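J.: Below is one structure. I have some questions about it.
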Amino acid sequence: MTDIKTGRHILVAEETFQFACNDQVDCFTNCCHNADMYLYPYDIIRMKNRLGMSSDEFLEKHTYSDYRDNEFFPSVMLKMSQIEGLPCPFLTGQGCSVYEDRPFSCRAYPLEPAVSRVGGYYQVAYFISVHDHCHGHGQGREWTAEEWIRDQKMGGYNVMNSHWVEMDTLFRSNPWGPQGLQNPALKMASMACFNVDRFRDFVLNSSFSKRFDVPQERLDTARDSDPDMMLLGFDFVKSFLTGQGPFRPKG
């Protein structure tokens, strides 16, 4: 099926594609150079924990922020090494050093999600992304989208990213009011979404629990779980930006 607006071919049902990515393909790791790659909140959690780094350390060393397809909220991008060829900082002679925790965009390729936002409902379809530098197309076995998602262990990423779609949609509505991008709420939202360690400190070591009505069971669960703390952060942002989230101010 072809998306009329974009011309991209969207996979449906049991439709298949043929693709391989391994050291037998002559372009192996070429895509790991000079990559323009978005990082989503769950990507950052997986990678910073793999590297034994705090969120602050990871964000400072390996990312930069830029306004891309959402003009009202900055995207977090992976920073390439500033040496010849601009390789990914995690690329070695043997391949990816963080492979088990590689970002969603790496593990999903050649699939790319297309999100439809209509009437408050979100639907994700996958289309095939083709780049000239990739010679893996037409090689190896055939896959359905479901088989590729399972093989690349994308399930957990898809669950977490579905929550991020809701946040991204909220930010696209320009919720910052007359102050626009100068609204301090934007900085708070960015911290709550992308810096799980700093947000944990805010939740546990400030007046957060006294100011907001949050179930103690949820706080206890999030205390020791980065993904749960991330989701708590999302709900916190929804609450203070829209008044429609699950947390209400006390008093």
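The values are calculated or read from the model by the stated rules, or taken from the named source; none is laboratory data. Treat the numbers as computed from the prediction; the structure is a model and nothing was measured. Every residue, glycine as well, gets a Cβ built from its backbone with ideal geometry; the counts of neighbours run over all protein chains shown.
J.: If I filter the range 208-230 down to residues being within 16 Å of Asn195 (Cα to Cα) and without any contact (Cβ under 8 Å) to a residue 24 or more places away in the chain, which single residue comes out as surrounded by the most Cβ atoms within 10 Å (Cβ to Cβ)?
T.: Restricting to residues being within 16 Å of Asn195 (Cα to Cα) and without any contact (Cβ under 8 Å) to a residue 24 or more places away in the chain, the top hit is Ala222.
J.: Still on this structure, please answer the following. Would you confirm whether any residue within the range 129-147 is assigned to a helix (DSSP H, G or I) and of a type in the set (A, V, I, L, M, F, W, C)?
T.: The answer is yes, given that some residue of the range 129-147 is assigned to a helix (DSSP H, G or I) and of a type in the set (A, V, I, L, M, F, W, C).
J.: So, in the range 1-42, of the ones that are more than 28 Å from Pro87 (Cα to Cα) and small (Gly, Ala, Ser), which residue ends up modelled with the highest pLDDT?
T.: The qualifying residue modelled with the highest pLDDT is Ala13.
J.: Condition check: assigned to a loop (DSSP other than H, G, I, E, B) and surrounded by 12 or more Cβ atoms within 10 Å (Cβ to Cβ). Does Gly233 satisfy that?
T.: Judged against the criteria, Gly233 is not a match.
J.: Out of Glu166, Glu146, Glu142, I need the residue that is exposed (fewer than 13 other Cβ atoms within 10 Å of the Cβ), over 16 Å from Cys106 (Cβ atoms), touching a residue at least 12 places away in the same chain (Cβ under 8 Å) and not assigned by TED's automatic domain parsing to the domain that holds Leu231. Which one?
T.: The conditions single out Glu142.
J.: Right, another one. Any idea which of Arg68, Arg150, Arg141 is of a type in the set (Lys, Arg) and within 17 Å of the chain's Cα centre (by Cα)?
T.: Of the residues listed, the single one that is of a type in the set (Lys, Arg) and within 17 Å of the chain's Cα centre (by Cα) is Arg68.
J.: Could you grab me the full set of residues in the range 186-203 that are loosely packed, with under 15 Cβ neighbours inside 10 Å and not basic (Lys, Arg)?
T.: Within the range 186-203, just Asp201 meets the criteria.
J.: Any residue in the range 111-121 that is closer than 22 Å to Val25 by Cβ and either in a loop (DSSP other than H, G, I, E, B) or of a type in the set (S, T, N, Q) (or both)?
T.: No, the range 111-121 contains no residue that is closer than 22 Å to Val25 by Cβ and either in a loop (DSSP other than H, G, I, E, B) or of a type in the set (S, T, N, Q) (or both).
J.: Among the residues of the range 71-112, what is the count of those that are modelled with pLDDT under 95, within 27 Å of Arg172 (Cα to Cα) and surrounded by fewer than 17 Cβ atoms within 10 Å (Cβ to Cβ)?
T.: Residues meeting the conditions: 1.
J.: For Ser239, indicate whether it is assigned to a loop (DSSP other than H, G, I, E, B) and either out of contact with any helix residue (DSSP H, G or I) (no Cβ under 7 Å at 6 or more places or on another chain) or modelled with pLDDT of 95 or more (or both).
T.: no
J.: Counting just the residues of the range 11-53 that are charged (D, E, K, R) and in a loop (DSSP other than H, G, I, E, B), which one comes out farthest from Ala192 (Cα to Cα)?
T.: The residue in question is Asp26.
J.: Checking the conditions here, which among Asn174, Asn161 is within 21 Å of the chain's Cα centre (by Cα) and either among the charged types (D, E, K, R) or under 30 Å from Asp23 (Cα atoms) (or both)?
T.: Asn161
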